[in-house]
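Step one of this worksheet: look at the structure below.
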Amino acid sequence: MKKETLNVQGMSCGHCEKTVEGSVGELDGISHVKVNLEQNTVDVEYNTEKTSLEEIVETIDGQGYDVKE
């Protein structure tokens, strides 16, 4: 399992939090995802054999949020 903290811009409310956590959580290999609205971060833990950081970032981008690397 690999842990990453992503800086994500554009999240401002509970709906944003549920949208990101729900969409990332549906990816195969995700064991944990948690949004922190105050810090504009998303903590994610995932199995690198089942998904990639690139796929996680694309999923967040696809929801309309901007991942800063």
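Points to keep in mind about this one:
- Selected residue [out of contact with any strand residue (DSSP E or B) (no Cβ under 6 Å at 6 or more places or on another chain) and not polar (S, T, N, Q)] from Glu17, Glu54: Glu54
- Residues (open to solvent by less than 40 Å² (accessible area, probe 1.4 Å) and under 12 Å from Gly10 (Cα atoms)) located in the stretch 43-69: Ile60, Tyr65, Val67
- Glu4 being of a type in the set (Asp, Glu) and open to solvent by less than 50 Å² (accessible area, probe 1.4 Å): yes
- Neighbours by Cβ (under 8 Å, 6+ apart or cross-chain): first from the stretch 10-25, more than 12 Å from Asp43 (Cα to Cα); second among the hydroxyl-bearing types (Ser, Thr, Tyr) and open to solvent by less than 40 Å² (accessible area, probe 1.4 Å): Gly10/Tyr65; Met11/Tyr65; Cys16/Tyr65; Ser23/Thr59
- Members of the stretch 24-33 that are surrounded by 16 or more Cβ atoms within 10 Å (Cβ to Cβ) and within 14 Å of Gly62 (Cβ to Cβ): Val24, Leu27
- Count of the stretch 32-50 residues, restricted to those that are without any contact (Cβ under 8 Å) to a residue 40 or more places away in the chain and either under 19 Å from Asn7 (Cα atoms) or of a type in the set (A, V, I, L, M) (or both), is 11.
The values are calculated or read from the model by the stated rules, or taken from the named source; none is laboratory data. These numbers come from a predicted model, not from an experiment. Please note: Cβ atoms are built from the backbone with ideal geometry, for glycine as well, and neighbour counts cover all protein chains shown. Heads up: the accessible areas ignore ligands, DNA and RNA and are worked out on the full protein's heavy atoms, side chains in. Shrake-Rupley method; radii C 1.70, N 1.55, O 1.52, S 1.80 Å.
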